[in-house]
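*Asks:* Below is the structure I would like to discuss, written out as structure tokens.
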Amino acid sequence: MPAAKPVILTGDRTTGPLHLGHYVGSLRNRLAFQDTHEQFLLLADAQALTDNAHDPERVASNVIEVATDYLAVGIDPSRTTICVQSHLPALAELTMLYANFVTVSRLERNPTIKDEIQQRGFARDIPAGFLCYPIAQAADITGFRATVVPVGEDQAPLIELTNEVVRRVNRQAGRDVLPEATAVVPRIGRLPGVDGKAKMSKSLGNALVLSASPAEISEAVRRMYTDPNHLRISDPGQVEGNVVFTWLDAFDPDVEAVAALKEHYRRGGLGDVALKKRLDDILQELVAPIRERRARLAADRDMIRDVLREGTLRGRARTEETLASVKEALGLFAF
Ligand code: TRP
């Protein structure tokens, strides 16, 4: 029998359609993981509610949108199991059990949570669900018995917390009932927005969604921040902090050609218009098939619902198995 593939889990909060930042940061890697790992993708609608309780409609409608994005980029449901988090009750039960192994002060000290509390302006009015979502994320990861978790750098402290929970549960149980997980941070970090701001986000209006039209792509590239001191084509230009080059590094498969362009730009003689033309061509070529597939898929919501129903059933079996073994290992009452 061939050795079992390592189990990988990632997820996305369902708060909006995915954009090109997701493509380079996670979606592209997930396509490759389909061959090498047993992959689970979680549509994290329950986690999305932890800071969107006032807008469940947004969270629910984006379950289908994000699933459509997955399929449009080439996630194959016969090789990747796509599950809806709120329909996996074993994860909620694991969260309740794990909550007894994590202190409130540990949650408040978590750097990811601290940043997010600030960004959201929660001050003293932090929803308890939000403060506890790292425990729920530990339930997600261990519920699927994942050992590999690809996440952005900002999420690394959550994997640390997951492993603290794993060690406490294992110590209490007196045996290794749960495996520890390793965070894998992707080669391309966070893609800057088209305005050069560090974070691409739909709410900041600086994102290109996966269904962007040809005109939207060209307009974004045209507006893209370069080197403000590069006034004449013959002037030497700066590559560092130049968003067009950051994007070329992320999207252009021809690494040598990009290196030559950087050389030329630094030397002078390469204009922004010519540089941007290359990025525009590459993005148009990348997005066109995704946009077309997405439009076709969006017309067949029943098919997408079927994919989610099937994936969620598989996820339910797997997470219930974990829950049963954790309850047993902790010595809870059994009939
Ligand atoms: N927190 C992740 C995000 O903000 C989403 C997520 C939920 C997740 N559960 C997960 C990621 C489990 C990795 C593993 O996008």
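*Asks:* For segment 136-189, what is the convex hull volume of the alpha-carbon atoms per residue, in Å³?
*Replies:* Expressed per residue, the convex hull around the Cα atoms of segment 136-189 is 62 Å³.
*Asks:* Say R0 is 45 Å: what FRET efficiency, to the nearest 0.05, do residue 202 and residue 108 get from their beta-carbon distance?
*Replies:* Working from the Cβ atoms, E equals 0.95.
*Asks:* Right, next: By the scheme Lys and Arg +1, Asp and Glu -1, what is the net charge of all other residues having a beta-carbon under 12 Å from that of residue 154?
*Replies:* 0
*Asks:* For the chain, I need the span (max minus min coordinate) of the C-alpha atoms along each principal axis, in Å, sorted largest to smallest.
*Replies:* 79, 45, 43
*Asks:* May I pose another question? Tell me the net charge near residue 188. Cut-off is 15 Å between Cβ atoms, residue 188 excluded, with +1 for each Lys or Arg and -1 for each Asp or Glu.
*Replies:* +1
*Asks:* Just add up the charged neighbours of residue 215: K/R +1, D/E -1, any other residue whose Cβ is under 13 Å from the Cβ of residue 215. Write down the numbers at each step before the final one.
*Replies:* On the way: positive: 222, 223, 291; negative: 216, 219, 280.
After counting each charged neighbour, the total is 0.
*Asks:* Full-extension gain between residue 120 and residue 325, please, as 0.36 nm times their residue separation minus the C-alpha to C-alpha distance.
*Replies:* 70.1 nm
*Asks:* Something else now. Using a ≥ b ≥ c from the Cα gyration tensor of segment 185-248 (square roots of the eigenvalues), is it rounded, prolate or oblate, where a/c under 1.5 gives rounded and otherwise the larger of a/b and b/c decides, a/b for prolate?
*Replies:* Note, shape of segment 185-248 comes out oblate.
*Asks:* If the reach is capped at under 25 angstrom between alpha carbons, list the lysines near residue 202, excluding any in the same chain fewer than eight residues apart.
*Replies:* 114, 276, 277
*Asks:* Next up: About the Cα centre of the chain, what is the dipole size in debye to 20, counting +1 per Lys and Arg Cβ and -1 per Asp and Glu Cβ, all else neutral?
*Replies:* 280
*Asks:* Right, another one. GluC sites (Glu not before Pro) within segment 238-285: which are DSSP loop residues with at most 13 other Cβ atoms inside 10 Å?
*Replies:* Sparse-neighbourhood loop GluC sites (Glu not before Pro): 240.
*Asks:* Continuing with the same structure: Ordered by residue, what ³J(HN,Hα) values in Hz, to whole numbers, does segment 310-327 give under the Karplus form 6.51 cos²θ - 1.76 cosθ + 1.60, where θ = phi - 60° and Gly and Pro are x?
*Replies:* Karplus-based 3J(HN,Hα) across segment 310-327 equals 5, x, 5, 4, 4, x, 5, 4, 5, 6, 5, 4, 4, 4, 4, 6, 5, 4 Hz.
*Asks:* Here's a follow-up. So how much slack lies between residue 288 and residue 263, counting 0.36 nm per residue of separation and subtracting their Cα-Cα distance, in nm?
*Replies:* Extending this stretch completely gives an extra 6.0 nm.
*Asks:* Quick check: from the Cα gyration tensor, does segment 245-335 come out rounded (a/c under 1.5), prolate or oblate?
*Replies:* Working: a/c = 6.86, a/b = 2.22, b/c = 3.10.
Taking the square roots of the gyration eigenvalues as a ≥ b ≥ c, segment 245-335 is oblate.
*Asks:* Only loop residues by DSSP count here, and only those with at most 16 other Cβ atoms within 10 Å; note down the GluC sites (Glu not before Pro) in segment 155-232 that meet that.
*Replies:* Of the GluC sites (Glu not before Pro), the ones in loops of segment 155-232 whose Cβ has at most 16 other Cβ atoms within 10 Å are 180.
*Asks:* OK, next. If you take the square roots of the eigenvalues of the alpha-carbon gyration tensor of segment 119-263 and sort them as a ≥ b ≥ c, do you get rounded (a/c under 1.5), prolate (a/b over b/c) or oblate?
*Replies:* prolate
*Asks:* What is the helix-to-structure angle for 111-120, meaning the angle in degrees between its Cα long axis and the longest Cα principal axis of the chain, kept from 0 to 90 and rounded to the nearest 10?
*Replies:* Result, in degrees: 70.
*Asks:* A further question on this structure: Angle check, please: helix 133-143 long axis (alpha carbons) against the longest principal axis of the chain (alpha carbons), in degrees 0 to 90, nearest 10.
*Replies:* The answer is roughly 70 degrees.
*Asks:* Counting only trypsin sites (Lys or Arg not before Pro) that sit in a DSSP loop (anything but H, G, I, E, B) with at most 11 other Cβ atoms within 10 Å, what is the longest stretch of the chain containing none of them? Provide the component values of the computation, followed by the final result.
*Replies:* Details: sites that count: 124, 175, 187, 232.
No qualifying site falls inside 1-123, the longest such stretch.
*Asks:* Now for a different question. Taking amide hydrogens as modeled 1.01 Å from N in the peptide plane, which residues meet the under 5 Å criterion relative to residue 11, leaving out close sequence neighbours?
*Replies:* 42
*Asks:* So what does the Cα-only Debye profile of segment 211-296 read at q = 0.23, 0.25 Å⁻¹, as log10 I(q)/I(0), no solvent term?
*Replies:* Listed by q, the Debye log ratios stand at -1.10, -1.24.
*Asks:* Continuing with this model, one more query. Test of understanding: extend the Cα→C-beta vector of residue 172 to 7 Å, then name every residue of segment 103-131 with backbone N under 15 Å from that spot.
*Replies:* Inside the label zone: 103-104.
Readers should treat all values here as calculations from the given coordinates under stated rules, not as data from a laboratory. Bear in mind the structure is a predicted one, so any value in this text is a computation, not a measurement. Cβ coordinates were reconstructed from backbone atoms using ideal geometry, including for glycine residues, and neighbour counts include every protein chain displayed.
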